[in-house]
Structure formats: C-alpha cells, structure tokens
Amino acid sequence: ARPVHPLQNKTRGSAKRYEEAKQWMPGGVTANIKYFDPYPIFMESASGAYLYDVDGNDYIDYNLCYGALMLGHGNPQILEAVQKQFEQMGTPVLGTPHELELEMAKRLVELVPGVESVRFTNSGLEATMFALRLARAWSGKKKVAKFEGHYHGGYDQVLLNVRIRERKQGMPPYVCADSMGVSEEIRKQTVVLPFNDWATTEQILNQEVCSIGAVILEPVQAGFIPPDLDFLKNLREYTHHYGIPLIFDEVKTGFRVGLSGAQGRYGVTPDLTALGKVLGGGFPVGAVGGRREMMELASPLRSGDILSGERNQEGGSTLFHSGTYNGHPMILTAGLKTIQALEEKGAYQSVEDATMRLQKEMEMILKRNGFCGQAVGVGTIFNLVFSNKPVREAQDVLDSERTLRRKLDNFLLEKGIYIKPLNRFSLSSVHGPEAIAETLTRFEAGVKQLKK
Ligand code: PLP
C-alpha cells in the first residue's frame, strides 16, 4: 500500500474536490503547473501573507501567485482604487483608448531603462510572444535563440529545453520540445544556449549568427539563479554587434528586483523587455516595452487595420498585435497602485532584508539538523537547494538532492508553509517579522520531521 501522505489527514476537503475536479478538467487543474502530488490544495481565501484552505487550515504563502503578489494578498489600497475606478467609469472595461494606458505607459518609460514605447498584453506569455515577433520582424531573420531551463510561457516557440536534460559540460544542449504538439519545424527554428556559459554560448551563436533573429532570456534564471555580470554584458555586446534584438523576459523580475527590473539592477539594457506578474497587482497582465523604432513596427499608422481592411496611403507591411482586453482599466489601476506603493522609500529594502533573514535562518536550521542545504536567490525570491555546489544554472539544481527537498516540501505544506513543491519562495511587503518568525517555527518543525 502507498504510504499515507503527510497532508492527507488535514486536507480531506481538498481531496474530495480534487476527485470531482478530475471529472471536469484534464488532471483536475486549469494549468499543468498547478498540480502536485497527491493532489493540489483547494484554497478558499487569503489575507496579507496567509492563505486559507477549504478545510480551515492556514498557510503562510510563499508562492504568492508565482511571484505576482509583491504586496501580498488583499492590499487595501489596491482594493479601494479598483472599486473607485469601477464606480467612476461605470464599467470594468471601455474597449477604447483611455487615460490609464497613457499613465502606465509613461510610468514604464520613466522607470525601466530599455523601455521607450509600450504595448500591453493580458499575460506574460503574450508579452514574450509579441516581443519575439517584433524582434524577428525587425531583424528579418527566422530563428530564435533561447536558454536552457528558461521559461517564457507555454506556447510552441519557447516550449523547448525548459526542462533540463543531461549533457556534457561545454557541449551544446540538444534541442528538445517539452510538450506534445510542438512541431518539428519549430524545433528546427530554435537554438538553445547554456546560461552563464559564455564560451559555449558564443560558439553556438557564431555558427548560427546569420539566421538568428532574436535572443531571449530570463536575466535571472527562474527568478533565483543570478547571471554572471560578464555573461550578461558579453551577450549584450555580441547581439548589439550583430544587430540581433536582445529580449529580456522580465515577467518575473520586473518590479520584483526593483523598479527598474533586472536591467536596472545589473546595468545591462536589452532592446525589448517583456513584463507581467507584479505589474498587474494581482490581475492578469503583460507588457512589452523597448526601443522606439522596433516598437513602431506595430504601429497601425504604417499599415492600417488588417481585420477591417482599412489601410493607410503608404500601405506598409503589417506587424499585427491585438487583444480584446489589452490595457484593461481595472488592471492598470491595480498596477499603478502597486508601483506607487513600491516607490515608497525603503519598500524593496525591507522585503529584501526579510528575505535575507529567512534564507540565513533556514540554512542554519538545516545545518543544525544535519542537512546540507543552501538558499540561492536574488532580491525577494530564493530557492532551497540541497547541495553544497555553487548554483549557476538549472543543471546544478537538477544535480542536487531533489527527493529530499520534495519530502521536506510535503512536511512544510503540512506545517502550514505554502509553496508549490520544488519551487521557489517569493516574499512580499506583508511578510513582516511576525510572519517570518512563525515561518521559521513551522520550518524547523518540518525539518525535524524530515530527520525522523
Ligand atoms: N516569463 C517568465 C519569466 C515567467 O516566469 C512566466 C510565468 O511564470 C511567463 C513568462 C509567463 O507568464 P504568464 O503566466 O503570465 O503567461
């Protein structure tokens, strides 16, 4: 018989709901990433740093909607601003241009170094997709170069080598699709590069330089593996030299590692930037910003509207981009409030200090209990890796003791610390000293159980 999972006694309501959910949704979930063994927990409500499940258990939330909630759950200023905006407008959405778009676009141009002009989307996925189309249209070349282990959303062109496969150090990654249904054609149009390994990256780029139309990367891999500064600078210089648009996918790092994103933190400016998550203040959002002349390719003034058939006099070629809900007023209201809160003096510093404290103390607790674990992160996101080898790329995480980590995560969930097993910890401005102290008590109880 299968051993009883640590969660099973206290989450019977979730188990029951999950059994039913499987009948109506594939695997019982609305996104593959929401599943974990033995079943995902059904949450009912949230407040500040806490989530509450359908069985009445509380959890200190370190998933924070995959990093999106930089101000925690139920921020009163966001709530009030959205309610007020709704009442003032008399509708949640106008379906026309409006002033909040202007206001948010201006803020992004002010704050993010690589952003001179902006388009909004409804998700991070749509943002990276649009950025890739822009880049290829600009360069006139077909292939996309992406990095091993980097996630840019769940669509064909980037669902390659997100999962790490074994390879010899210094050898180019073998290009592999991570999902059924991704065509062979797409695989052939993709070049996969190893993060933080400039020698191999340069070698692969040299072979493909005439056909690569875009290079995309997460400047901080998966939000927690920092880039080597030289690596990032070399990549910038190389792509600049060969006229290949460089895209920073800052969906996770944007407004997480600071108001100017990873590009501000590391002082390396891309041609195009994809944003999302924190920018929506808890609502679905995305945005692409970048060099004006590149962004202008999407201007309808060049080519008119392909759907209505209306064309301008010159009738230039079209780079189409659209979305019924792009620039949704409620979402931009929540986003503008979020940025305003993050602009307050010391806003980032206090979350980073809390994160640092949590990392250090978790490492100490692990050590005290005879485990060799390190907390690896940047700013307000980190991961726990059971190894003593430096973590420079996803392969290093793969080589760590993941079974042990998985086991710990089960105990942590049972003790009331919410993370998606094997995932990162994200903090928010409401993870104050009390929540951190309580987390450490729960964490130590989990680690003690792991020792048994
Ligand atoms: N890019 C990065 C770096 C991400 O972390 C994510 C989501 O986790 C995405 C893109 C996709 O964003 P979304 O889930 O909003 O489509």
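The values are calculated or read from the model by the stated rules, or taken from the named source; none is laboratory data. Just so it is clear, the model here is predicted, and its values are computed rather than measured. Heads up, the Cβs are rebuilt from the backbone with ideal geometry, glycines too, and the neighbour counts pull from every protein chain shown.
Of note:
- Leading residue by the ranking (nearest to the ligand (Cβ to nearest atom)) among those in region 25-68 that are β-branched (Val, Ile, Thr) and under 25 Å from ALA222 (Cβ atoms): ILE33
- Any hit, region 365-380, residues being assigned to a helix (DSSP H, G or I), modelled with pLDDT of 95 or more and not aliphatic (A, V, I, L, M): yes
- Inspection of region 255-273 finds no residue satisfying the criterion of being at pLDDT 95 or above, closer than 21 Å to ASN161 by Cβ, among the hydroxyl-bearing types (Ser, Thr, Tyr) and within 13 Å of the ligand (Cβ to nearest atom).
- Of ILE216, ILE247, all but one fail to be in contact (Cβ under 8 Å) with a residue 60 or more places away in the chain, out of contact with any Lys or Arg (no Cβ under 9 Å at 6 or more places or on another chain) and of a type in the set (A, V, I, L, M, F, W, C); the exception is ILE247.
- Elements of the type helices (runs of 4 or more DSSP H) sitting completely within region 1-94 and holding at least 1 residues that are within 29 Å of LEU336 (Cβ to Cβ): these cover 64-67, 76-89.
- Verdict on GLU44 being more than 21 Å from GLU438 (Cα to Cα), without any contact (Cβ under 8 Å) to a residue 24 or more places away in the chain and assigned by TED's automatic domain parsing to the domain that holds ASN326: no
- Selection count, region 58-86, where residues are in contact with a helix residue (DSSP H, G or I) (Cβ under 9 Å, 6 or more places away or on another chain), within 28 Å of LYS16 (Cβ to Cβ) and crowded, with 18+ Cβ neighbours inside 10 Å: 6
- For region 364-385, a tally of residues being under 25 Å from the mean Cα position of the chain (by Cα) and over 28 Å from GLY258 (Cα atoms) returns 0.
- The residues of region 79-134 that are of a type in the set (D, E, K, R) and either modelled with pLDDT under 95 or under 22 Å from CYS65 (Cα atoms) (or both), listed by number, are GLU80, GLU126.
- Residue in region 238-253 that is away from the ligand (no atom under 13 Å from the Cβ), among the charged types (D, E, K, R) and in the same structural domain as GLY114 (by TED's automatic domain parsing) present: no
- Among the residues of region 266-304, those identified as among the basic types (Lys, Arg), in contact (Cβ under 8 Å) with a residue 24 or more places away in the chain and in contact with a Gly (Cβ under 8 Å, 6 or more places away or on another chain) are LYS277, ARG291.
- Only residues that are more than 16 Å from the ligand (Cβ to nearest atom) and part of a helix (DSSP H, G or I) were counted in region 95-133, giving 13.
- Within the set LEU134, LEU217, the sole residue that is crowded, with 18+ Cβ neighbours inside 10 Å and over 29 Å from GLY377 (Cβ atoms) turns out to be LEU134.
- Scanning region 147-174 for residues that are within 11 Å of the ligand (Cβ to nearest atom) and touching a Ser or Thr at 6+ places or on another chain (Cβ under 8 Å) returns HIS152, GLY153, GLY154, VAL158.
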